[in-house]
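The structure appears below as structure tokens.
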Amino acid sequence: MAGESAPGELTADVVGIGFGPANMALAIALEERAGTGAVRARFFEKQREFGWHRGMLIDGATMQVPFLKDLSTPRDPTSRFGFLSYLHAKNRMMDFLNRKSFYPLRTEFHDYLAWAAEQLADRVAYGSEVIALRPVKDERGVTRSVDLVVRCQGMLSTVRTRTVVLASGLEPVLPDGVMATDRVWHSADLLYQTEKIATGEPRTFVVVGAGQSAAETVGFLHERFPHAEVHAVFARYGFSVADDSSFANQIFDPVARDEYFGAPEQVKEMLSGYHANTNYSVVDDDLIRDLYDRVYREGLSGTRRLHLHKVSRVREQTAGPDDVRVDIEFLPTGDRTAVQADAVIYATGYRPGDPLTLLGDLGGACLRDERGRLRVGRDYRIQTTDDVEAAIFLQGSTEHSHGISSSLLSNTAVRAGEIAEALEACL
Ligand code: FDA
């Protein structure tokens with residue numbers, strides 16, 4: 001990408017922070033909106049190259065959305081960036097169709113995203129982290145634009161724009177008091193850390209968590225290390241199935257998002273509660289069956305490697321020179337089991353990044369609801385005081401306003417089209 005313009009000059013119409021699926025879909029929507037002049041959009045991505053949850057690209061893992069919920073098809077089925085165009089470009093259409101599944105492999109979806117990213121590369125700066133936003137005020141004290149401070153290879157530069165789209169995605173969450181080390185990981189780093197530890201022929205793993213990532217991690221380690229024991233620790237009685245039934249799945253539809261947005265707070269809470277099991281702390285049915293089958297077969301053969309510590313939690317964890325001692329408490333009785341583990345993997349989920357950490361001084365001008373959460377318009381623009389004319393849009397971090405699909409792929413394409421339209425109105 002070209003270098004920065006002179007200080008004070010607008011360097012882009014739109015600046016996108018992050019280049020994951022959300023801002024990729026936006027880049028595509030901006031490009032494809034018929035009849036509009038070229039919007040100068042620039043995107044900054046802190047990873048050195050395109051990557052989508054690389055640490056969890058487990059062989060055989062599948063997507064939890066059908067392939068048609070790609071970067072563009074639900075917005076415009078004729079888009080050249082759809083999954084079908086990808087299959088066609090790679091000459092894999094028939095192979096995909098003969099597989100007879102709506103759900104691509106995760107590695108395959110990554111390849112699709114990388115294919116799309118390559119075609120959009122002229123507007124993305126990789127290895128570039130946006131570290132701060134600074135309001136630029138005119139002589140009347142009105143914030144008409146913002147400067148984004150970008151760090152690239154240790155150098156700082158500034159980009160000025162009137163519209164920003166923040167799509168910085170999810171951050172891995174470790175339980176309070178747990179620090180990541182070479183032997184204590186978040187599941188987000190599973191594949192990287194596994195390769196590091198593999199040469200030491202690990203014998204024992206502990207995996208904490210009950211959601212999809214936890215179940216995948218358990219299955220992966222159990223298969224990857226055929227002589228190792230895997231201890232799964234979770235507070236539930238068992239891995240519970242994700243509700244992907246047809247009616248419940250409608251909660252991810254654009255119309256459901258509209259209804260959620262307009263609903264009173266108590267209805268929002270009710271819906272979030274009822275349908276949390278479409279996404280949170282739940283596991284695909286196939287994977288549950290697979291894990292159960294492994295436990296069952298080990299029971300038959302009498303050689304137990306996969307241990308499920310149900311209704312349990314990690315009470316204590318002590319790092320030794322070559323391992324980690326994990327004390328697992330069985331909650332009904334308080335009994336404890338000690339496990340000496342080569343590694344402990346916390347599959348304890350993610351949370352959306354807090355936009356306020358980047359917004360800096362602008363945060364004070366952002367309106368909040370009665371619980372202190374950002375007020376976000378239906379068009380995903382953060383509501384601000386009247387003295388801010390620069391527009392900041394949010395992708396992700398809007399579950400409180402727009403519902404459960406906010407951090408997921410289901411609405412990505414449609415949302416991108418709506419934001420593109422709103423952005424154009426701001427320029
Ligand atoms: P995403 O996190 O993908 O991208 C954000 C990007 O911003 C990252 O590349 C990051 O490096 C960059 N960034 C962050 N801060 C920055 C800064 N300050 N400056 C520059 N760059 C910055 N959902 C679904 O619907 N179906 C599915 O099958 C799955 N599967 C799945 C598997 C796994 C392992 C995980 C962890 C998550 C999923 N998800 C999912 C949910 C997931 O949130 C979703 O697929 C998308 O990644 C969301 O796209 P975003 O672009 O919003 O975030």
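The values are calculated or read from the model by the stated rules, or taken from the named source; none is laboratory data. No experiment lies behind these values; they were computed from the predicted model shown. Glycine gets a Cβ as well: all are built from the backbone with ideal geometry, and neighbour counts include every protein chain shown. The protein model used for the area step is the full one, side chains on, heavy atoms only, and it has no ligands, DNA or RNA in it. Shrake-Rupley method; radii C 1.70, N 1.55, O 1.52, S 1.80 Å.
Could you tell me the convex hull volume per residue, in Å³, taken over the Cα atoms of the range 216-328?
Details: hull volume 18.2 nm³, N = 113.
Measuring per residue, one finds 161 Å³ for the Cα hull of the range 216-328.
Given the chain, what count of lysine pairs have C-alpha atoms under 25 Å apart, with each pair 8 or more places apart or on different chains? Present the calculation step by step, with values, prior to reporting the outcome.
Details: K46/K196; K69/K90; K69/K100; K69/K268; K90/K100.
For the chain, qualifying lysine pairs total 5.
Could you tell me the largest-minus-smallest coordinate of the C-alpha atoms of the range 102-214 on each of the three principal axes, in descending order and whole angstroms?
Result, largest extent first: 66, 39, 29 Å.
Sort all Cα-Cα distances of the chain into consecutive 20 angstrom bins from zero, then give the percent of pairs in each bin up to the one containing the longest distance.
In order of increasing distance, the bins hold 24, 53, 22, 1 percent.
Among 67-77, 158-168, how do they line up from the highest to the lowest mean number of other beta-carbon atoms within 10 Å? Intermediate results must be reported in sequence, preceding the final value.
Numbers: 67-77: 21.3, 158-168: 23.5.
Packing proxy ranking, top to bottom: 158-168, 67-77.
Taking the highest mean first, how do the peptides 88-100, 315-327 order by number of other beta carbon atoms within 10 angstrom per residue? Each step should come with its number before you reach the end.
Details: 88-100: 11.6, 315-327: 13.8.
In descending order of packing, they fall as 315-327, 88-100.
Once both axes come from the Cα atoms, what is the angle between helix 212-224 and the longest principal axis of the chain, in degrees from 0 to 90, rounded to 10?
Between helix and principal axis, roughly 50 degrees.
At a temperature of 10 °C and a viscosity of 1.306 mPa s, determine how fast the range 385-427 diffuses translationally according to Stokes-Einstein, using the Kirkwood radius over alpha-carbon pairs as Rh; express D in µm²/s, rounded to the nearest whole number.
Details: Rh = 11.6 Å.
The calculation lands on 137 µm²/s.
Would you calculate a helix-derived [θ] at 222 nm for the chain, using -39,500 (n - 2.57) for each DSSP H run of n ≥ 4 and dividing by the full residue count, to the nearest 500?
Values: 13 runs with 127 residues, N = 427.
My calculation for the chain gives -8500 deg cm²/dmol from helical runs alone.
Of all accessible surface on the chain at a 1.4 Å probe, what whole percent is carbon and sulfur? Mind showing how you got there, number by number?
Values: 10510 of 20840 Å².
The value for the chain is 50 percent carbon and sulfur by accessible area.
List the residues whose amide H sits under 5 Å from the amide H of H307, counting only those 5 or more places along or on another chain, with H placed 1.01 Å from N in the peptide plane.
Close amide H contacts, sequence-distant or interchain: V230, H231, A232.
Calculate how large, on average over all directions, the projected area of the Cα convex hull of the range 262-411 is; give the answer in nm² to one decimal. Spell out each step's value before the answer.
On the way: hull surface 57.8 nm².
Approximately 14.4 nm², given one-decimal rounding.
So how do 335-343, 414-422, 132-140 stack up, highest first, on mean other-Cβ count within 10 Å?
Numbers: 335-343: 16.8, 414-422: 22.4, 132-140: 14.7.
Top to bottom by mean Cβ count within 10 Å: 414-422, 335-343, 132-140.
Angle, helix 285-301 long axis vs. longest principal axis of the chain, Cα atoms, 0 to 90°, nearest 10?
For 285-301 against the chain, the angle is about 20 degrees.
What number, in percent, do you get for the relative contact order of the range 329-427 if the mean sequence gap of Cα pairs under 8 Å and at least 6 apart is divided by its residue count? Could you put the intermediate results ahead of the total?
On the way: 73 pairs, mean separation 17.0, N = 99.
With pairs under 8 Å counted, the relative contact order is 17 percent.
If you average the alpha carbon positions of the range 247-289 and of the range 17-81, how far apart do those two centres end up, in angstrom?
The two parts, judged by their Cα centres, are 23 Å apart.
Solvent-accessible area per residue for the chain at a 1.4 Å probe radius, Å²?
Result: 49 Å² per residue.
How big is the charge dipole of the range 89-220 about its Cα centre, in debye rounded to the nearest 20, if each Lys and Arg gets +1 on its Cβ and each Asp and Glu gets -1 on its Cβ?
Working: 16 positive and 16 negative charges, 90 e Å.
Around 440 debye, computed over the range 89-220.
Could you run the Karplus curve 6.51 cos²θ - 1.76 cosθ + 1.60 with θ = phi - 60° over the range 130-145 and give me ³J(HN,Hα) per residue in whole Hz, x for Gly and Pro?
7, 10, 6, 10, 10, x, 10, 9, 8, 5, 8, x, 8, 7, 8, 8
Compute the angle between helix 21-32 and the longest alpha-carbon principal axis of the chain, please, reported from 0 to 90 degrees and rounded to the nearest 10.
Result, in degrees: 30.
Output the relative contact order of the chain, whole-number percent, from Cα pairs under 8 angstrom with separation of 6+ residues. Intermediate results must be reported in sequence, preceding the final value.
Working: 801 pairs, mean separation 94.4, N = 427.
With pairs under 8 Å counted, the relative contact order is 22 percent.
Looking at L362, A341, P352, which one has the Cα that reaches farthest to the positive end of the dipole of the range 331-425 (charges on Cβ: Lys, Arg +1; Asp, Glu -1)?
In the range 331-425, that residue is A341.
Note down the nm distance, to one decimal, between modelled labels 7 Å out along Cα→Cβ at A121 and at A198.
Here the modelled spin labels are 2.7 nm apart.
For T163, what residues show an amide H to amide H distance below 5 Å, using hydrogens built from the backbone and excluding near sequence neighbours?
V15, A391
Would you kindly state how much longer the chain becomes between D59 and N277 on full extension, computed as 0.36 nm times their sequence separation minus their alpha carbon distance, in nm to one decimal? Mind dumping the intermediate values first?
Details: separation 218, 0.36 × 218 = 78.48 nm, distance 2.49 nm.
Gain on stretching D59 to N277: 76.0 nm.
Return the long-range amide H neighbours of V241 (sequence gap of 5 or more, or a different chain), with a cut-off of under 5 Å between placed amide H atoms.
Hits under the 5 Å cutoff: V283.
Using 0.36 nm times the number of residues separating L356 and D95, minus their current alpha carbon distance, what extension gain do you get? Write out the running numbers ahead of the final one.
Working: separation 261, 0.36 × 261 = 93.96 nm, distance 4.56 nm.
Result: 89.4 nm gained on full extension.
For the range 187-195, what does the Karplus curve 6.51 cos²θ - 1.76 cosθ + 1.60, with θ = phi - 60°, yield as ³J(HN,Hα) per residue in whole Hz, taken in order and with x for Gly and Pro?
Residue by residue, the range 187-195 yields 4, 4, 9, 3, 5, 4, 5, 4, 4 Hz.
For L156 and R336, what does the FRET efficiency come to when R0 = 56 Å and r is the distance between their Cβ atoms, rounded to the nearest 0.05?
Details: r = 50 Å, r/R0 = 0.90.
Given R0 = 56 Å and the Cβ-Cβ separation, E is 0.65.
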